[in-house]
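Right, one structure below, let's go through it.
Computed from the coordinates by the stated procedures, all read-outs in this text should not be read as laboratory data. Remember, predicted model here, so these are calculated numbers, not experimental data. Here the Cβ is made from the backbone with ideal geometry for all residues, glycine too, and neighbour counts use every protein chain on show.
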Amino acid sequence: MKKIIIPVLFLFLSSSCQKAQQEDQQKKLIDEVIAVHDEVMPKMDEIMTLKSQLDSVAKVSKDSVKARDLFIQLDSADIKMSNWMAEYNPESVKGKGNDEVIKYLENEKKRINDVKDITNTSITNAKQFLSK
């Protein structure tokens, strides 16, 4: 009887440890995704302010084409953030296998980092232009 119980117990414990590790990995990825979102989201107000300034400059400046291009960059960053927020749904992979969940979360991490990059770049470019 001992010969059967010990291997079964070992399998149960190793399975439980693996599941806990997978859940930790998933939680870590979710936390990383949300951390980037929380870093970028406050910049949306700054984007709105810069868009307004560029719109005013575009009406009176000889560099109106450049101002319009920068406005479009800022608008694109804003739209990408809105789209990401509308589409991000970690509940959509609930109950799926660990590999599928990790793949989804890694993709979302890449997407939100892309939003971060375009946001930071567009803000920097607009500020440089407006400071001239």
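Among the residues of this structure, ILE47 counts as one that is in contact with a Leu (Cβ under 6 Å, 6 or more places away or on another chain) and closer than 16 Å to SER122 by Cα.
Say we look at segment 42-62 and pick out the residues that are more than 18 Å from MET85 (Cβ to Cβ) and loosely packed, with under 14 Cβ neighbours inside 10 Å; which of these is nearest to the chain's Cα centre (by Cα)? If you could, list the steps in order and put the result at the bottom.
Within segment 42-62, the first condition is being more than 18 Å from MET85 (Cβ to Cβ), and the residues that meet it are 49-62.
Keeping just the survivors that are loosely packed, with under 14 Cβ neighbours inside 10 Å gives 49, 52, 55-56, 59-60, 62.
Values: THR49: 22, SER52: 25, ASP55: 28, SER56: 31, LYS59: 34, VAL60: 36, LYS62: 36 Å.
Within segment 42-62, the match that is nearest to the chain's Cα centre (by Cα) is THR49.
The residue list ALA126, ALA86, ALA67 contains one member that is on the phi < 0 side of the Ramachandran plot, touching a Ser or Thr at 6+ places or on another chain (Cβ under 8 Å) and either surrounded by 12 or more Cβ atoms within 10 Å (Cβ to Cβ) or in a helix (DSSP H, G or I) (or both), which is ALA67.
Looking only at residues in segment 52-64 that are part of a helix (DSSP H, G or I) and free of Cβ contacts under 8 Å to residues at least 24 places away in the same chain, which one is nearest to THR119 (Cα to Cα)? Taking the candidates together, the pick is SER52. Residues that are within 30 Å of GLN18 (Cβ to Cβ) and basic (Lys, Arg): does segment 63-78 have at least one? No: segment 63-78 contains no residue that is within 30 Å of GLN18 (Cβ to Cβ) and basic (Lys, Arg).
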